[in-house]
C-alpha cells in the first residue's frame, strides 16, 4: 500500500512542533493528533524526548495515542533504552496512556530503579497500570526496594504506587517498617498510614512516621 501524502495543514503542523513558542507547538501537536497518520509517529516520538514544556509533552502523548498501537508501541519501547532521561520518562508515560498490558515485560527492574527520579516515578505509575493480574505482589517487592528514596514528591509517588496495589503491598511494606535505614522505616510507616487513612496528608504522615522512628520501637506499640 502506498503511504498517504501528508496534506499541507499537517505538514505545517509538523514543522510547527519545532517553533520557539510553546503555544504554537501545543496547537501543532493538537493538529497532528486530530489527523493521525502513521508517517508522523517518528516525529512525535522524537519531539517527546526533547520538548521542554509539560503541556506540550502531554499533547504529544495524546497525539501518539491517536495513532495505531501497532505503530506507536514498538517506537516507544525503543525509547526505553535511550540515554536521554526525558525520552525514557515520556515513553513510559505514553505507554501507560495506551494501556497495552502486553508491554508489561518492558517495565524492567532497571527502569523501576532508574537513577533519574522522574524516570523512576513514571515507571512506578506505569507499572501499576500495566501489571498483570497475579503479579502485584512481585511488583510490590520491587517497588519497596525504593522506599526512602528522594525528596517528598518522589516518596509520595512511590507511596501512591504501592497503595494502588492494594493488599498485595502490605507484607513487604510492613517488613520495611523494621529496616535498618531510618528513612526506609519512616517512608514505610507513612505509606501504611496513608493506606489506612487516605485523607491524611503525606506531609503529616511522613513527619509523624519520622517521629515514631526517632522515638524507637516502643512508640509503635498499641
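The values are calculated or read from the model by the stated rules, or taken from the named source; none is laboratory data. What you see is a predicted model, and the numbers here were worked out from it, not measured in a lab. Here Cβ is always computed from backbone atoms with ideal geometry, including for glycine, and neighbour counts include all displayed protein chains.
Here is a yes/no grid of residues against (1) without any contact (Cβ under 8 Å) to a residue 60 or more places away in the chain; (2) part of a helix (DSSP H, G or I); (3) surrounded by fewer than 20 Cβ atoms within 10 Å (Cβ to Cβ); (4) out of contact with any helix residue (DSSP H, G or I) (no Cβ under 9 Å at 6 or more places or on another chain):
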position: 11; (1), (2), (3), (4): yes, yes, yes, yes
position: 41; (1), (2), (3), (4): yes, yes, no, no
position: 57; (1), (2), (3), (4): yes, yes, no, no
position: 76; (1), (2), (3), (4): yes, yes, no, no
position: 86; (1), (2), (3), (4): yes, yes, yes, no
position: 104; (1), (2), (3), (4): yes, yes, yes, no
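Go through the range 163-206 and count every residue that is part of a helix (DSSP H, G or I), exposed (fewer than 13 other Cβ atoms within 10 Å of the Cβ) and modelled with pLDDT under 90.
2
So for the range 88-100 (the condition being part of a helix (DSSP H, G or I) and over 19 Å from residue 59 (Cα atoms)), does at least one residue qualify?
No: the range 88-100 contains no residue that is part of a helix (DSSP H, G or I) and over 19 Å from residue 59 (Cα atoms).
Please tell me if residue 90 is at pLDDT 95 or above and over 23 Å from residue 35 (Cβ atoms).
Taking the combined requirement at face value, the residue does not satisfy it.
Residues 99, 81, 33: which one is outside the structural domain of residue 145 (by TED's automatic domain parsing) and at positive phi?
Selected residue: 99, the only one of 99, 81, 33 that is outside the structural domain of residue 145 (by TED's automatic domain parsing) and at positive phi.
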